[in-house]
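Below you'll find the structure, written out as structure tokens, and then a few comments.
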Amino acid sequence: MDWGKSNRMNRIIRPKTGRTLMLAVDHGYFLGPTTGLEKPGEMVKQLLPYADCLMPTRGVLRNCIDSKIDTPIVLRVSGGTSILNKNLLHEGITVSIEDAIRLNVAGVAFSITVGTDWERDTILGLSQLVDEAEEFGIPVVVVTAVGKGLGKDARYLSLASRMAAEHGASIVKTYFCENFEKVVDTCPVPIVIAGGKKMPEPDALKMAYDALQAGAVGVDMGRNIFQSKDPVAMIQAVREIIHKDANPKEAYEFFKQKCKE
Ligand code: R5P
């Protein structure tokens, strides 16, 4: 692997543990002012010390995040539809590779929607992005987005994840499911899981733990952190699982303790 790309990969997935805690704050690109991210700069500022990597849009990065930070950025570079559109996640490239480089990114993120009428558009968009990003040694994180009516089971997610890898993903971001080992084992690149909708903290911590046990290298988690009753305590608890091998019970005890501080 080219040194630059290898270095960027090592900034995203920490070599010391081979894992990563990515903080996803890109939701506004199709959801608008998501609960918890009404003022993204303020939320991110308090969470950043505990994140290995930040995943924002360029608008939030430029306007709300201090350029003095040294946290690697995986920049959301796809979009095109909103939550109101019936063709949700019919996405294309929304950021040029030049602008991503200008923003000094460690990686770029693009969503594909396998199983929709517009899957071809998203796959061709991904392929174009991979061509452009590879030229500069920039890893592409592919999000296997799950549109309305699509399943979140191992059969579907292994299909979408494998397709993402076959089309050039350096990292795949997908959802946790039963038999997640199958998704990981049949995907030749590292996998991180999205958190999905907010759930009780013990459940989110267990999901992160189970995903790692199944072979994921980490999480790219958003709502289950920034919508927690204590986001700073929650990200630290997730970190205990990712980098310190805490089990879900230990991590939840840690969370409760941090909440009291
Ligand atoms: C969705 O496509 C966005 O990339 C989100 O960043 C992603 O779903 C992860 O966030 P959450 O943990 O809230 O699901």
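The values are calculated or read from the model by the stated rules, or taken from the named source; none is laboratory data. Note that the structure is a prediction, hence the values are computed from the model and not measured. Note that each Cβ is placed from the backbone with ideal geometry, even for glycine, and that neighbours are counted across all protein chains shown. The protein model used for the area step is the full one, side chains on, heavy atoms only, and it has no ligands, DNA or RNA in it. Shrake-Rupley method; radii C 1.70, N 1.55, O 1.52, S 1.80 Å.
Descriptive notes on the structure:
- Extended-chain gain in nm, criterion 0.36 nm per residue less alpha-carbon gap, Ile101 and Lys249: 49.2 nm
- With a 1.4 Å probe rolled over the protein heavy atoms of all chains, the accessible area of Phe110, Phe30 falls in the order Phe30, Phe110, largest first.
- Label point distance in nm, Ile83-Asn179, each placed 7 Å from Cα along Cα→Cβ: 3.2 nm
- Of the GluC sites (Glu not before Pro) in segment 154-225, the ones in a loop by DSSP (not H, G, I, E or B) with at most 14 other beta carbons within 10 Å are Glu178.
- A 1.4 Å probe, protein heavy atoms only, puts the accessible area of Asp2 near 90 Å².
- Filtered trypsin sites (Lys or Arg not before Pro), segment 1-66: DSSP coil and at most 13 other beta carbons within 10 Å: Lys16
- In this structure, the residue pairs whose Cα-Cα separation is over 31 Å, taken from Lys68/Lys182; Lys45/Lys249; Lys182/Lys229; Lys173/Lys260; Lys173/Lys229; Lys198/Lys244, are Lys68/Lys182; Lys182/Lys229; Lys173/Lys260.
- In the complete set of protein chains, residue-level accessible area for Leu31 is approximately 60 Å², probe 1.4 angstrom.
- With every protein chain in place, the chain: carbon and sulfur % of accessible area (1.4 Å): 49 percent
- Taken per residue, the accessible surface of segment 84-240 reaches 40 Å², heavy atoms only and a 1.4 Å probe.
- Full extension of the chain between Leu159 and Arg120 yields a length gain of 12.6 nm, computed as 0.36 nm times the residue separation minus the alpha carbon distance.
- Computed E for Leu31/Asp131 - FRET, C-beta separation, R0 22 angstrom, nearest 0.05: 0.15
- Segment 105-237: Cα Rg divided by the 2.2 N^0.38 Å rule of thumb: 1.05
- Approximate spin-label separation Lys16-Ser67, in nm, with each point projected 7 Å along Cα-to-Cβ: 2.9 nm
- Only Cα pairs under 8 Å and 6+ residues apart enter the sum, and on that basis the relative contact order of segment 134-261 stands at 19 percent.
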